[in-house]
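Take a look at the structure below.
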Amino acid sequence: MGRQATRVTVNGKAYARVVDARLTLADFLRHELNFTGTHLGCEHGVCGACTVLVDGHSARSCLMFAVQTNDCEVTTVEGLAPDGKLSVLQQAFMDNHGLQCGFCTPGMLITLTELLRDNPEPNEQDVREALTGNLCRCTGYAGIVRAALDAAQRLRGAAES
Amino acid sequence: MKPAPFDYHAPRQLKEATELLAKLPNAKILAGGQSLVPMMNFRYVIADHLVDLGGLQELRGITVADDRLRIGAMTRQRDLEFSADIAKHCPLMTEALRHIGHRQTRNRGTIGGSLAHADPAAELPAICAAHDATIHVASVRGVREIRFRDFATGFMTTALQPDEVVAAVELPIWPAGHGHGFHEFARRHGDFALAGSAALLDVGPDNIVRKAALTLFGVAASPLRVDAAEARLTGQPLDANAIRTAAASAWLIEPISDIHASGEYRRHLAQVLSLRALNDAARRAGMQA
Amino acid sequence: MGVKQFGARVTRLEDPALLSGRGRFVDDVKLPGTLHACFVRSPHAHAKLLGFDSEATLAMSGVHAVITAEDLPEPMRHDPLPLLLPNPALVARTQLALARDEVCYVGQAVAVVVADTRYVAEDAAAALIPRYEVLPAASDCRAAAAESAPHSHSDLSSNVASTFRLNYGGVEGAFTGAAHVFKEELWQHRGGGMAMETRAVLAHHDTLSDLLTVWSGTQTPHIGRRTLADLLGRDLESIRMIAPDVGGGFGPKAIFYPEEAVIPAVALKLGRPVKWIEDRREHFLSATQERDQYWQMEIAVDAEGKVLGIRGRMLHDSGAFVPWGIIMPYIAASTVPGPYVIPSFDLETQVVLTNKVPTTPVRGAGRPQAVFAMERLLDRVARELKLDRAEVRRRNLIQPEQMPYEVGLIFRDGKPLVYDSGDYPHGQKKALELAEYQSFRERQKAALDQGRFIGIGFANYVEGTGIGPFEGVTVRVLPNGKVAVATGATNQGQGTRTTLSQIIAEQVGCRLEHVLMTIGDTGAISQGVGAFASRQAVNAGSSALLAGQAVRAQLIALAARTLGLPEADFDLEDGRAVAKRGNKPSISFGELARLAQGIPGVCFPAGQAAGIEHTAYYTPSQAAYCSGTHVAEVQVDAMTGGVKVIKYTVTHDVGRVINPLIVDGQVQGGVAHGIGNALLEWMQYDDNGQPLTTSFADYMLPMATDVPTCNITHIETVNPFNPLGVKGAGEGGTIPAPAAIISAIEDALSPFGVHFAETPLTPERIVATLRAAGAYDRLLTA
């Protein structure tokens, strides 16, 4: 049933593929394009490990089909620091122990990338509420929240100078 | 948890979409996908065809005309959340939206999808019930209008025919200065409400209630207008006693029981949350004393 | 000596790859020709398995095989998975790799379908209809313990798998004539480990070398490898098991699962790599959990609240099989005395089989339940005797001068329970000071005046960590000067690579980034145990120290011989052996490594061994006892029953701290899990053993809005028994959290005099309890 052509830009590069209609965006990214940084933790839209940006907005890639992203732009964790250096947010995670096993981390980074872009001065409650769509079992969230606030401050500092 | 196979269709216009729905067997509509796709991944839902409405620009948008707010069915919850028109004309919806799922769900989820899915604990159907909204439904047979009271027919069931699609929602706007209150109780931030209450009060300068709407959700199969509470309030002076009695009539409902909450507890929450919602609405409506 | 690493807040070596999406979890390992598996699982809690109709499935395009028990090789076709921790007091019952005649829990694997993709495999699995004859199921463990209960296994006439008793001190005497005796009935439920990454197995048989390589998301690859060797009847050396990046463990990934036997067997049979990635629904059905314990406890105290004795009974839900023996209920029972002087003790435990997925340790491993029982009893004493809760504990805490303290019981490691070190009164005092416990009453009153109910609660615990038998570390200096390390320790997020690298780099005098570590690979080191029971810092850390010290000595000895200078002159810095005299002659590690390789045909000088390397297997003589005090502040909405944890304070004694960043992270993460246990997590089943909570929508994990940032203070009482002086840190955050939180909720609602003795404590339960106490007669008229 249902093979479909689709053309989607991922991390700035266009990919044209013919795929099964039911192939989820997450599986498309992981196995068709080999961007294995996006992870699957539940496949029912709760844990957020699969979060990517679709046309700039965070979305659960386990709840989308690759064919839905025809003509869309998708950003995965691999696209957050394309020049090989850790981004400000990624470095803040490292400095603040914002990850342990790393499985939820790509989703966290995507969600926080969106938050910091839309709200450059979040307070702690803003950060925590923004993160409720991403579950972490390892860290207890403290390091992630610290990292987000730290990154926000660093980005504001860079913007001002 | 991979879905069963299906054929995918991405119509560009409503006319094309309704024709597809009329002719394809076992077809499901893909709107935001936040409720449908999990069920497909669990294989609780097996669809042979998926009709994706994501390309239908004509179903998006928020307009205000003649004291009515008209919202296209495919308008994303995120766009509702940040809409100045909604904030001005339907502040109840703006407040309710903060409780719907998480950022990711609101980025994709739509108002039409939420209405068609008809989860008993969903906020948007409750807001539509509170406002006596009219649902505009399209098919190859044309467009028909259904009052919300007639649209929600039962547990996750609506008056939609298998080949019909929600095209738009129209909400009558309440008078400027009306008060709104919204309270729900969920276990965690963004979870489905175990119970919720939405209150609207239009109060005259004489402190007499001109119009009242008290809507419970999460407690019954569909959003419930508490007629007894509204009757108690309408045409009467608004004071703490009136509010308390009105909230207490939430006790009269027949609530559902499931693994998340017993009927008893839901009944209790309905009363507590109604009191809070009415108090907020009264305060915002400028209740005297 | 190298740069001071031990005790430093070093950022983790693991992070750059994980942050940029370059982690390598099992599903990220791609081998050409891989086929994908989907298990067919029993929908019934208890049934006879009659047979399969697999023609329709085999005919489907893309399907390569349908494997049932009959298709498995011996001995695994007939021999059940081994019982890793046998005990004479236990009716040993473990699973077959694939069920043959009977299934005993919803989710038990009966067949596996192998196809081109997981999508097709699921289509095929849905088409395979096994035939069952449904049997009565034992669900609630209390009902299952009764003689008339349905048999959880049709050939076992009783569901009681084990009854054991822990006692000392003659408790009868303590209770007769005691000034006060109080009874408590407690129920606790723990739920699952719920790592974000589900289980995963990839197996590949290389026919040229006959090496079977298995990647598994396991905490224990060495145990897995030898278990698999037994089940397949293969030489140990013909199997290599690798635990790559693993997305969280928390206990359930420590045991050996049927899937870890079946997937390799299928790969051998089909001659192609086979991959199985568990989905979340399967995880809810078939990954092990901890579940219900029912406690009936009594405490006898004198007029001053000093404990004279504790006695009681505990019922433990084991699930349908006992893959980890009775370790967990045993740990629970032996943890009850905790940091208190308990002169007499008597606890009888019944371990009951039910038709549900087996229970095995989940972070805390039975200790949260024990601490909950003990702390609720002490709170009860305080309330009844009108004493402050802290004062009751002060009167009963073991004093530091009593260390080492013999409790009077045998611990799960087979050794007498002897607390080696710790200052419990200091820990409690410090925690209460930091939490501003003394002034809390004022804050509570001010809140009450505003109509808000806030409460404070705290709990103490002792945890036996660092248990044996061993964990090994090999340190080897390479010809390019870098230092290769191999260990049987594994990593599911606890930063094993970083902490061990810190220890080794400091000993050997090299840069942290020049330590090349292989973790969790049976091909790299011959003996291993793995991660569970907070044991790696003690075991692998000590081995890293010992191996590092040995390599340090070899480097210095060879440098001294080569440069003709005394050994005492030498220091190791940044990859060189440097003599601290004159013009500081030095020689690089790389050159030394090459010298130690020798020249073909030429004899070594006396005293020179081959290579610069050492393997150490530290074996602890007993567990290392860490301890702590948690103080929780909560706000309760008395109308809805909603609870928010608003402040959380921890004092924590893990001995010497290798990396405070990592230890704090373990505590914070552990507390989050504890909050989940206290308020949210509940794996529910119906009376027929059907699981009711099988997704993250129904089973609630704490979110970022549920867990405050903890205020964590370390108290270092050095462990005298291991060379590092460390104790384990992985579970301490979870263990006392439910006790502290429930105590705080009770404190918040003290105007109503209500009492709680269960976890998870739901808002609905709080409301029902308040209603029964007449609270709403007062509140709703306000």
Query raised in the report: Using modelled backbone amide H atoms (1.01 Å from N, in-plane), which distant-in-sequence or interchain residues come within less than 5 Å of A:TYR15's amide H?
Result: A:VAL8, A:THR9, A:VAL10
Query - Rounded to the nearest 20 debye, dipole of chain C from Cβ charges on Lys, Arg, Asp, Glu - result: 1620 debye
Report task. Starting at the first residue of the stretch C:220-237, write each ³J(HN,Hα) from the Karplus equation 6.51 cos²θ - 1.76 cosθ + 1.60 with θ = phi - 60°, in whole Hz, x for Gly and Pro. Result -> 9, x, 5, 4, x, 5, 6, 5, 5, 4, 5, 6, 8, x, 10, 4, 4, 5
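What's the Kirkwood radius of the protein assembly as shown in Å, using all Cα pairs? Show your work: numbers first, answer last.
Working: mean 1/r = 0.0310 Å⁻¹.
Computed over the protein assembly as shown, the radius equals 32.2 Å.
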Query raised in the report: Taking Rh as the Kirkwood radius, which is the inverse of the mean 1/r over Cα pairs, what is the Rg/Rh value for the stretch B:179-284?
Result: 0.99
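Roughly what % of DSSP beta bridges within the stretch C:468-618 run antiparallel, to the nearest 5? Each step should come with its number before you reach the end.
Values: 18 of 23 bridges.
Restricted to the stretch C:468-618, the bridges split so that about 80 percent are antiparallel.
Beyond 23 Å, what percent of the Cα pairs of the stretch C:583-668 remain?
Details: 2332 of 3655 pairs.
Pairs farther apart than 23 Å: 64 percent.
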Query - Amide proton proximity set for B:VAL203, modelled H, under 5 Å, gap of 5+ - result: B:GLY179, B:ARG210
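Per-residue Cβ counts within 10 Å, from other chains only, averaged over C:660-668: what number is that? Don't skip to the answer; put the middle values down first.
Working: counts 1, 4, 2, 0, 4, 10, 4, 2, 8.
The shielding value for this peptide is 4.
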Query - C:GLU70 paired with A:GLN125, simple spin-label distance in nm, labels 7 Å along Cα-to-beta-carbon - result: 6.5 nm
Query raised in the report: Counting alpha carbon pairs within less than 8 Å and at least 6 residues apart, what relative contact order, in whole percent, applies to the stretch C:60-151?
Result: 29 percent
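So how do C:585-591, A:19-25, B:195-201 stack up, highest first, on mean other-Cβ count within 10 Å? Provide the component values of the computation, followed by the final result.
Working: C:585-591: 18.4, A:19-25: 23.3, B:195-201: 30.6.
The densest-packed peptide leads the list: B:195-201, A:19-25, C:585-591.
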**Report entry** For the stretch C:435-487, alpha-carbon Rg over 2.2 N^0.38 Å
**Finding:** 2.64
Query raised in the report: Considering only C:ASN87, C:THR354, C:THR562, whose Cα is most displaced toward the positive end of the charge dipole of chain C, charges sitting on Cβ of Lys, Arg (+1) and Asp, Glu (-1)?
Result: C:THR562
Requested in this report: Read phi for every residue in the stretch C:599-606 and hand back ³J(HN,Hα) as whole Hz from Karplus 6.51 cos²θ - 1.76 cosθ + 1.60, θ = phi - 60°, with x for Gly and Pro.
Outcome: 10, x, x, 9, 6, 6, x, 4
Query - ³J(HN,Hα) computed for each position of the stretch C:19-27 - Karplus, 6.51 cos²θ - 1.76 cosθ + 1.60, integer Hz, glycine/proline x - result: 6, 9, x, 10, x, 10, 8, 3, 6
Query raised in the report: Rounded to whole Å and sorted largest first, what semi-axes of the equivalent ellipsoid does the C-alpha gyration tensor of the stretch A:88-160 yield via the square root of 5 times each eigenvalue?
Result: 19, 13, 10
Report summary line: Of the residues C:VAL171, C:GLY249, C:TYR294, the Cα lying farthest along the dipole of the stretch C:164-318 towards its positive end, which is defined by charges on the beta carbon of Lys, Arg, Asp and Glu, belongs to C:GLY249
**Report entry** Placed amide H near C:ARG41: partners under 5 Å, 5+ positions off or other chain
**Finding:** C:VAL110
**Report entry** Ranked by how many other beta carbons lie within 10 Å on average, peptides B:273-283, C:604-614, C:54-64 from highest
**Finding:** B:273-283, C:54-64, C:604-614
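Is the C-alpha gyration tensor of the stretch C:136-200 telling us rounded, prolate or oblate? Criteria: a/c under 1.5 is rounded; beyond that, a/b larger than b/c is prolate, otherwise oblate. Before the final figure, lay out each step's value.
Working: a/c = 2.60, a/b = 1.54, b/c = 1.69.
Oblate, because a/c is 1.5 or more while a/b does not exceed b/c.
Given contacts defined as C-alpha pairs under 8 Å and at least six residues apart, what's the relative contact order of chain C, whole-number percent?
Details: 1947 pairs, mean separation 123.5, N = 782.
Relative contact order, chain C: 16 percent.
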Report summary line: PRE zone check, label point 7 Å out along Cα-to-Cβ of C:ASP687, amide N under 18 Å, scope the stretch C:134-169, hits C:135-152
Report task. Output the Cα-based Rg and Dmax of chain B in Å, rounding Rg to one decimal and Dmax to a whole number. Result -> 19.2, 63
Query raised in the report: Relative contact order for chain B using alpha-carbon pairs under 8 Å, separation at least 6, rounded to a whole percent?
Result: 15 percent
Report summary line: Expressed as a whole number, the average count of other chain Cβ atoms within 10 Å around the Cβ atoms of C:19-31 is 6
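What FRET efficiency do you get for C:VAL718 and C:LYS580 if R0 is 35 Å and r is their Cβ-Cβ distance, rounded to the nearest 0.05?
0.75
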Query - Within the stretch B:57-172: Cβ-based charge dipole about Cα centre, in debye rounded to nearest 20 (Lys, Arg +1; Asp, Glu -1) - result: 320 debye
Query raised in the report: Along the charge dipole of the stretch B:57-172, which of B:PRO172, B:HIS89, B:ASN107 sits closest to the positive end, that is, farthest toward it, with unit charges on the beta carbon of Lys, Arg, Asp and Glu (+1, +1, -1, -1)?
Result: B:ASN107
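Roughly how crowded by other chains is peptide C:639-645, in terms of the mean Cβ count from those chains within 10 Å of each of its Cβ atoms? Display every interim value, and only then the final one.
Working: counts 8, 10, 5, 4, 0, 0, 0.
For this peptide, the per-residue mean of nearby foreign Cβ atoms is 4.
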Requested in this report: At 7 Å along the Cα-to-beta-carbon direction for both C:ASP53 and B:ALA248, put a label point, then send me their distance in nm to one decimal.
Outcome: 6.2 nm
Report task. Using only the alpha-carbon atoms of chain C, report the extent along each of the three principal axes, biggest first, to the nearest angstrom. Result -> 93, 77, 49
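Which entries of C:LYS183/C:LYS306; C:LYS429/C:LYS727; C:LYS356/C:LYS415 have Cα-Cα distances beyond 27 Å here? If you can, show how the numbers build up before the last one.
Working: C:LYS183/C:LYS306 16 Å; C:LYS429/C:LYS727 21 Å; C:LYS356/C:LYS415 32 Å.
Over 27 Å Cα-Cα: C:LYS356/C:LYS415.
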Report task. Hey, for a label at C:ASP230 modelled as a point 7 Å past Cα toward Cβ, could you say which residues of the stretch C:62-78 have their backbone N under 17 Å away? Result -> C:74-78
Query - Range of Cα positions in the stretch C:468-618 per principal axis (Å), largest first - result: 50, 35, 23
Query - Simple label model, 7 Å out from Cα along Cβ direction - A:ARG154 to A:ASN70, nm - result: 4.1 nm
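Provide the FRET efficiency to the nearest 0.05 for the C:GLU567-C:GLN527 pair, computing r from the beta carbons and using R0 = 41 Å.
Working: r = 31 Å, r/R0 = 0.76.
So the FRET efficiency works out to roughly 0.85.
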Query raised in the report: When you count, for each residue, the other Cβ atoms within 10 Å and take the mean per peptide, how do B:206-215, A:98-107 rank with the highest first?
Result: A:98-107, B:206-215
Query - For C:SER209, net neighbour charge (Lys/Arg +1, Asp/Glu -1) across residues whose Cβ lies under 14 Å away - result: -2
Requested in this report: Taking the Cα centre of the stretch B:119-259 as origin, sum charge times position over the Cβ atoms of Lys and Arg (+1) and Asp and Glu (-1), and report the length of that vector in debye to the nearest 20.
Outcome: 160 debye
**Report entry** Amide N proximity, the stretch B:70-85 versus A:ASP118 label position 7 Å along Cα-to-Cβ, cut-off under 11 Å
**Finding:** B:77-83
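Every number here is computed from the coordinates shown, using simple stated rules; none is lab data. Just so you know, these numbers come straight off a predicted model, no measurement behind them. Glycine also receives a Cβ, built like all others from the backbone with ideal geometry; neighbour counts cover every protein chain displayed.
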